[in-house]
Amino acid sequence: MNTFIKKTNSRTKNYFISMKKYVIIAIFLLIIASFGYYKFGLFTGINYFTALSDISKGKVEILTYGFVERTDEELNPIAKQFGFQFKTMAGCVVTQRFINQVDSYNYAVERYLEKRNGENWLGAFNKEVEKELPRK
């Protein structure tokens, strides 16, 4: 009788050890998913990976929000020379999560534009904007 009890206890102990591993893995995956959701906008329409997808489809856009000095319509003819366009996504009132999503999207686009136009593409773009559209 004692042997049976020992076998049952060892099975139960092994079962709880394997369940503990699954619970730890599930908690770890939940933490990773939460971080990805907040920081990179995973599971939303605007994130690093959607930027890569858009770039592969030939849709290269830098997303903006808030008050801008010059409108998209003014900047896009110049931006077209550098292979992208601006797209205003929201007004002045935005959440931190939205800001993180736009930042991660734009990060991917800016890396692509560095490869396409060279490292100092942003400086060249800003010089062209100042030349074409002087401040009022």
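Read-outs: derived from the displayed coordinates by stated rules, not from any lab. Please read all numbers here as calculations on a predicted model, not as lab measurements. Quick reminder, even Gly has a Cβ in these numbers, built from the backbone with ideal geometry, and neighbours come from all protein chains shown.
Note on Lys87 and Arg135: their simple-model spin labels are 3.0 nm apart, each label 7 Å out from Cα toward Cβ.
Net charge near Glu119: determine it from the other residues with C-beta under 14 Å of the C-beta of Glu119, scoring Lys and Arg +1 and Asp and Glu -1.
On the way: positive: Arg111, Lys115, Arg116; negative: Glu110, Glu114.
Its environment carries a net charge of +1.
Using a cutoff of 8 angstrom between alpha carbon atoms and counting only pairs six or more residues apart, the relative contact order for region 46-136 works out to 37 percent.
Among 56-64, 21-29, the peptide with the highest mean count of other Cβ atoms within 10 Å heads the list, and the full ranking is 56-64, 21-29. Distance from a point 7 Å along Cα→Cβ of Glu73 to each backbone N in region 107-134: keep the residues under 19 Å and list them by number. Counting only backbone N, you get 132-134.
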